[in-house]
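Comments concern the structure below.
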Amino acid sequence: MREILQAIVDAHAGREDLVMATIIDNVGSSPRSAGTKMLIKPDLSIIGTIGGGKLEANAILAAKEVFQSKKSNLFHFILNGEDAAKSDMICGGSGDVLLVFLPWDDPETTLVFEKALDAAVGNQEGWLITQFRENGGDTNKFCFVDKQGEKTGNLIINGEFLSDMKGTPDQIAIHSDLLLNSEILVEKIKERSKLYIFGGGHVAKETARLADEVSFETIVLDDRAEFANKERFPNSKIMVVPDYKSLPDLPIDHQSFVVILTRGHLGDYDVLKEMLKTDAFYIGMIGSIHKRDLIYERLLNEGVSQKEIDRVHSPIGLPINGETPTEIAISIIAELILERSKLK
């Protein structure tokens, strides 16, 4: 979402209209899930993807009419048989794709997406709301509502709706007779999951880089300033600690992820001992089974329960037999993505 919002703001700054394609409902084996977005430029080039194949091609073709009419278009797709075989799907799928016109010369619309981008970049929760009609009609209206309930945009919504909206799923289309048979698409901008990376070595550097690509907010901690710095971790928050026994009071909660990648088993032990005192959703530690078992044995002897130790993912990462720092980081990120999917 952050990349799409940035592209919208950049295009409007460059005086360029866009059409935004969003999958709002899908069943079967359609290539991407509801909420997936793609931007279409006037020359029909695209930013992002809604899965490729005939679905994406049809959306691009339909965008021609949207650019001409400057009105929304909701179309239903069915892919099966030959169409499915030509796409990335094993079998067919169906659903709805919403195409909305985003004019560069409407300051109110631009401001809505700027506010949404600010929330995404600042890792703040918010809701992007689009009003549209299935068969065209008035130009789309938009608004953005931040976590405090402050609204930006030309779409008028009442307080009751705002209250109900905060309890909705991440992406949902809401039918409302109060809005003259139009539909409201509510999309939640979620706070990115926090990933605490202990250690600033080669694997940590690659892990942080990949984590940023898949929307984790990374915090890197090391006791060496030459390893924990913005040059090595340009998109991370950096914390240089005196040693791993003297960690700061970190706001680690039940939705936080912890990856332990220090340069030695003593550092790993110190960090793990402290992290087991937190409510972290995920704790992973690098190292061999032998090293892991030595650390576990020491913790058990110090009174840490087996139940607590069972929380730890070690050796960290999915088993892909990676050897290089990048390959190991890929296995770690794959496991983080898998575990993040279990978050409620």
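Here are the numbers for this structure:
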item: Reach of Lys54 by Cα under 16 Å, taken over aspartates and glutamates that are not fewer than 8 positions away in the same chain; result: Glu82, Asp83, Asp88, Asp96
item: Under-5 Å amide H pairs with Leu18, H placed in peptide plane, nonlocal only; result: Leu102, Trp104
item: Linear extension gain, Asp310 paired with Lys237, 0.36 nm per residue minus alpha-carbon span; result: 23.4 nm
item: Nitroxide proxy distance, nm - points 7 Å out along Cα→Cβ at Lys41 and Phe67; result: 1.1
item: Accessible surface, 1.4 Å probe, highest first, among residues Ile24, Ile184; result: Ile24, Ile184
item: The range 199-290, accessible surface, carbon-and-sulfur percent (1.4 angstrom probe); result: 51
item: Distant-in-sequence amide H partners of Asp223 (H built 1.01 Å from N, under 5 Å); result: Val241
item: Area of Glu125 that stays accessible when all protein chains are in place (1.4 Å probe, Å², to 10); result: 40
item: Neighbourhood charge, 14 Å Cβ-Cβ cut-off, centred on Leu111 and excluding it, Lys, Arg +1 and Asp, Glu -1; result: -4
item: Interchain or long-range residues, amide H under 5 Å from His313's placed H; result: Ile283, Gly284, Met285
item: Stretch gain in nm, segment Glu125-Leu162, where the contour uses 0.36 nm per residue and the Cα spacing is subtracted; result: 11.9 nm
item: Using θ = phi - 60° and Karplus 6.51 cos²θ - 1.76 cosθ + 1.60, couplings along the range 282-293 (whole Hz; Gly, Pro as x); result: 9, 10, x, 9, 6, x, 6, 4, 4, 4, 4, 5
item: Virtual paramagnetic centre 7 Å along Cα→Cβ of Arg263, amide N under 12 Å, in the range 222-244; result: 222-228
item: Net +/- balance of residues flanking Pro251 in space, Cβ distance below 15 Å, scoring K and R +1, D and E -1; result: -2
item: Point-charge dipole on Cβ atoms (K/R +1, D/E -1) for the range 279-344, about Cα centre, debye to 20; result: 200
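The values are calculated or read from the model by the stated rules, or taken from the named source; none is laboratory data. Source: prediction; values computed, not measured. No Cβ is skipped: glycine too gets one built from the backbone with ideal geometry, and neighbour counts run over all protein chains shown. Side chains included, ligands, DNA and RNA excluded: accessible areas come from the protein's heavy atoms. Shrake-Rupley method; radii C 1.70, N 1.55, O 1.52, S 1.80 Å.
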